[in-house]
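The values are calculated or read from the model by the stated rules, or taken from the named source; none is laboratory data. This is a predicted model, so every value here is computed, not measured. Please note: Cβ atoms are built from the backbone with ideal geometry, for glycine as well, and neighbour counts cover all protein chains shown.
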């Protein structure tokens, strides 16, 4: 199952909100007046200046909420390490795990023998889970037998500053493939909602033209479009 991401809520006119919030620091005018006086060109120019100067605290005034499905708990264990965010995840304590909903890594899927072994174990875990529940074992205890790859659903909210940090780490080629796929879909969604805020986003090879990783992958992206097309 591929990762499914939908942006279900976002700060209206997020680009202008961030620009107005930043401009109030240097203006005798009120934020509402500044907001009303911003056009697309002024907003784009000012946000570009903020981004390049590293003055990202105003980006925290814009937030984005996503619904994500088709992820494994391997991916969400990584995701929740981003602490400047809010999460609501489907609970295995209360929701019965039915069927063999386990995310299969591409490397396993491409090897028939590996796939057969993988399926054998995940199907065995599911059968054991079902038998434990049938014996009266609480779901919160029966779930201990389920694999890390079990499919899950999650709602997450991040502000624009944290999203830039998230994209910088998780869109790097060195990031795990599944969370990289999630990050790509999230970036596509926020670029549609706030194109100026996310005109430049991703690892340093995209945003700065150089790699900041201690161990570079040696394959820098050409630009943001190249990154999103991978």
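The table that follows gives values for the structure above.
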| read-out | value |
| --- | --- |
| Only listed residue being more than 30 Å from residue 55 (Cβ to Cβ) and either touching a strand residue (DSSP E or B) at 6+ places or on another chain (Cβ under 9 Å) or buried (at least 18 other Cβ atoms within 10 Å of the Cβ) (or both), chosen from 115, 146 | 146 |
| Residue that is without any contact (Cβ under 8 Å) to a residue 24 or more places away in the chain and either in a helix (DSSP H, G or I) or on the phi > 0 side of the Ramachandran plot (or both), where the choices are 48, 42 | 42 |
| Test: residue in segment 73-93 that is surrounded by fewer than 13 Cβ atoms within 10 Å (Cβ to Cβ) and more than 20 Å from the chain's Cα centre (by Cα) | yes |
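Residues are listed down the side, and each one gets a yes or a no for (1) crowded, with 19+ Cβ neighbours inside 10 Å; (2) outside the structural domain of residue 17 (by TED's automatic domain parsing); (3) touching a strand residue (DSSP E or B) at 6+ places or on another chain (Cβ under 7 Å):
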residue: 140; (1), (2), (3): no, yes, no
residue: 156; (1), (2), (3): yes, no, yes
residue: 166; (1), (2), (3): yes, no, yes
residue: 172; (1), (2), (3): yes, no, no
residue: 181; (1), (2), (3): yes, no, no
residue: 189; (1), (2), (3): no, no, yes
